[in-house]
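Here is the structure we will look at, set down as C-alpha cells.
The values are calculated or read from the model by the stated rules, or taken from the named source; none is laboratory data. Since we're looking at a predicted model, the values are computed, not measured. All Cβ positions, glycine included, derive from the backbone under ideal geometry; neighbour counts span all protein chains shown. Ligands, DNA and RNA are excluded from the accessible area calculation, which covers all protein heavy atoms including side chains. Shrake-Rupley method; radii C 1.70, N 1.55, O 1.52, S 1.80 Å.
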Amino acid sequence: MTRFIPNAALVALLASSSSTTHAFTIELAATGQFAVQGSATYRSIEPPVAFLVQPSPFGRPVFITSGPLAARLLDPKRISRDAADPEVIRVDTSGSQQDFLSVRLEGPNIIVDRDGLTMTVKEGPPLLGDRTLDELIAALPEYRRDAARYTPDPAALETLRRVKQPTELLVFFGSWCPHCELAVPRLVRVLEDVHGAPLAVTFHGVPHDGWASDPMAENLRITGLPTVIVRRDSKEVARMEGDQWAAPEKSLAALVATPARR
Amino acid sequence: MKLGTPGVVAACLLGAVLLLAAYAKAIDPHGFAVRLGDVVPVPDAIAYPGALVIVAFEAGLGAALLGGSRHPLVLLLTTATFLAFVGIVAWQLVRPDGVAACGCFGQLLERTPRQALYEDVAFAALSGLAWLGRTARSGVFRPGPSVLGAGASVALALFAPWLPLDDQATALAPGASVEATQLDGIVPELRAGRHLVLLLDRADPTTRTRIAHLNERLKLPHGATAVWGFADDNPGLAAAFLWSAGPAFEVRSVAPRMLRRLYRTLPRSALLDAGHVVATWSGFPSDATLDTLARGELP
C-alpha cells in the first residue's frame, strides 16, 4: 500500500498531529520489537505510533509517523537525548516538514524507499531461551517503560517481600506475543518492587512458530503464553496463567503464600 | 386445587419463558446467529436464517401456550424443545472448547453452561407438568396467537438493528460492572478511575478517518479522560489500522467471541467510572460529549 499524498496535505496533517503531543515534541524510546539492519530503532512512548530510525540508508534519520502513514528525512538537529534517561530521545516536529519518502505497509513490516534505496522496518527477531530480568529489559526496553506505568497492589507486594522460602519463577513468554507485551511488564514491575525477596526468576522466550519446537515448553506442557511456573525445591507447586496476569502481584502472592500442590 | 391448575400454571410459565427467550434472541439476531455457529457447526449463510426460524418457532410456541392451548402437538414440541436445550447445554459442558456462557436469554440473563443446564432440566420437568388436567377446550390448537407471536418476533428481529436496544442486547450497559464486561482482564486499569472505551472495527474506513477527529477533540494522548480502544484480534488489520488511523490511544486486541458480547454494531462506545459503566453510545460520542470528557467532566 503506497500512499501518494501532496506535501502540503502532509505538512498540515503532521502539524495537527504534533500539536496534540504538546510543544511539537515527540518522545521515543529504543525498541527491540522492531528492527532495521545496521540501525537503531526508536518507538514513540505515547500513542500515536511513530518510529525514528538512525542512521538510515538515506543519509539522515528517518521519521515514520501514523494517521496517515508517512515517512520523511529528519534534520539531526531536531533530535535530542534525554539527559536523565539515555534510552529516550525527543524529536522536534515544529515548523515546516519536508523531504518526504515513499512508504508502504507490507504485513507488519514498513517499507520506505527513495531513488532506488530501500529500508525495511521489520519485526525484531524473537528472544529465545533463558534470560535474566536484566537481559530481558536490555533486549526489550519497552518492557521497562510499560513496567513503570503499572501500579501493583501494596498489600500483595508486602506478602511477596515476606516470603522466606526460596522460590523459583520460570516465566514462559514470547517477545512476539501481544498478550505478553501487556502482561510481562506488570511482572517486571512487581519483581523490581520486591527486589531482595528470595525469588529466582528466569524468563524463557519461546519461538513464534509454535511451542512444539521448544522442548522445555513442550515437556512442561505449556498451553498458553505467558505462563509462570512456581517451583520450590525444584518441584512445580503452582502456575500463573490467563486472567491471573491482570494483577500478577496478587496472583503470585496467593500462589507463593499457599501454593497448591500439583 | 383442581388437577388442571398446575398444568395451566406450568404451561403459562413455559409460554412466558419461550417468549422471553425469543425476545432476547430477536433483539440481536446476528449475535444469536454467531452463538448458534459456536454451538452447532452451520455455514454462515444458514446461521442467520436459522436464527430467525428459531426465534419464530420459540415465539410461536410461547404464544400458543400463553394463549391457553395445551394441544398434544404444542406440549410435545415444548417438551422436545427443552429436552433439546438440555442436550445442547450438556454437550457444551463436555466439549473441551465449549462456550463459556450460554442460555436461552442471551445477554438479558447470562449464565454458565452448568446454570443453564439446571434451568433447562427444570423447564423440561415443568413441560411434563403441563400435561396435567388437560380439557377438551384447552386441547384445541388455535393458530392465531402463534402466528401473531412468530410474526411479531421476526419483525422485531428484522428491525432490531435500527432500534435503540444495544443496552438490553449486550453486556455493555449502564450500571454493569467492568467485571461483567470482562474488559478488565485485558486492561486492569479500567477497574478504577474514568475511562472512555471504544469498540472498533479496524476494517471500517469511516472509523479510520474518525480517529483523527477523536484524537483532536479529546486532546489525546494527554487528555483528561483515559481512552482505550478494543478490536477483534486480527494481526494483519491491527498493523494497517495502527499506521493508517494513528490512534492516540491504546487499541487492544480481543477475542471476537468476547468482544461480540459487547456490541450489536460497531463502533460502540461506553464511559466507565469507578469500575462501572455509566453511559453507552451507538457509534462514537457526540462532539459536545467529547468536549466534556476532554475537560475531565462527566457528560
Original post:
Is it the case that B:Leu172 is open to solvent by less than 70 Å² (accessible area, probe 1.4 Å), closer than 28 Å to B:Gly246 by Cβ, within 14 Å of chain A (Cβ to nearest Cβ) and modelled with pLDDT of 90 or more?
Top reply: no
Original post:
Which ones in segment B:241-262 are open to solvent by less than 20 Å² (accessible area, probe 1.4 Å) and at pLDDT below 90?
Top reply: B:Val254
Subject >> Residues (of a type outside the set (A, V, I, L, M, F, W, C), in a loop (DSSP other than H, G, I, E, B) and within 14 Å of chain A (Cβ to nearest Cβ)) located in segment B:175-197 >> reply: B:Gln182, B:Gly193
Subject >> Condition met for B:Asp232 (facing another protein chain (nearest Cβ under 7 Å), at pLDDT 85 or above and under 21 Å from B:Leu272 (Cα atoms)) >> reply: no
**OP:** Would you check if there is a residue in segment A:188-196 being more than 18 Å from A:Leu136 (Cα to Cα) and surrounded by fewer than 17 Cβ atoms within 10 Å (Cβ to Cβ)?
**Re:** yes
Subject >> Residues being surrounded by fewer than 22 Cβ atoms within 10 Å (Cβ to Cβ), within 18 Å of the chain's Cα centre (by Cα), assigned to a loop (DSSP other than H, G, I, E, B) and within 14 Å of chain B (Cβ to nearest Cβ) - total across segment A:33-81 >> reply: 5
**OP:** Report yes if B:Thr206 is more than 9 Å from every other protein chain (Cβ to nearest Cβ), more than 23 Å from A:Ser44 (Cβ to Cβ) and among the hydroxyl-bearing types (Ser, Thr, Tyr), otherwise no.
**Re:** yes
Original post:
Can you find even one residue in segment A:171-194 that is more than 27 Å from B:Ala238 (Cα to Cα), part of a strand (DSSP E or B), touching a residue at least 40 places away in the same chain (Cβ under 8 Å) and not basic (Lys, Arg)?
Top reply: no
Subject >> Matching entry among A:Asp153, A:Asp134 (being within 21 Å of A:Arg189 (Cα to Cα), touching an Asp or Glu at 6+ places or on another chain (Cβ under 8 Å) and open to solvent by 20 Å² or more (accessible area, probe 1.4 Å)) >> reply: A:Asp153
Subject >> Positions within segment B:153-172 being closer than 18 Å to B:Gly50 by Cβ and touching a helix residue (DSSP H, G or I) at 6+ places or on another chain (Cβ under 7 Å), in sequence order >> reply: B:Ser153, B:Val154, B:Leu156, B:Ala157, B:Ala160
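Of everything in segment A:15-30 that's open to solvent by less than 20 Å² (accessible area, probe 1.4 Å) and at pLDDT below 90, which residue is farthest from A:Gly95 (Cα to Cα)? Even if it seems obvious, please write down each step before you answer.
Just the residues of segment A:15-30 that are open to solvent by less than 20 Å² (accessible area, probe 1.4 Å), to begin with: A:18, A:28-29.
From what's left, at pLDDT below 90: A:18, A:29.
Values: A:Ser18: 10, A:Ala29: 23 Å.
By that ranking, first place goes to A:Ala29.
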Original post:
A:Leu127 is checked against (1) of a type in the set (A, V, I, L, M); (2) within 14 Å of another protein chain (Cβ to nearest Cβ); (3) buried (at least 21 other Cβ atoms within 10 Å of the Cβ) and fails just one. What number does that condition carry?
Top reply: (2)
Original post:
From the list B:Leu200, B:Leu214, B:Leu271, which residue is surrounded by 20 or more Cβ atoms within 10 Å (Cβ to Cβ), within 12 Å of chain A (Cβ to nearest Cβ) and at pLDDT 90 or above?
Top reply: B:Leu214
**OP:** Return yes when A:Pro86 is open to solvent by 10 Å² or more (accessible area, probe 1.4 Å) and within 30 Å of B:Pro235 (Cα to Cα) and no when it is not.
**Re:** no
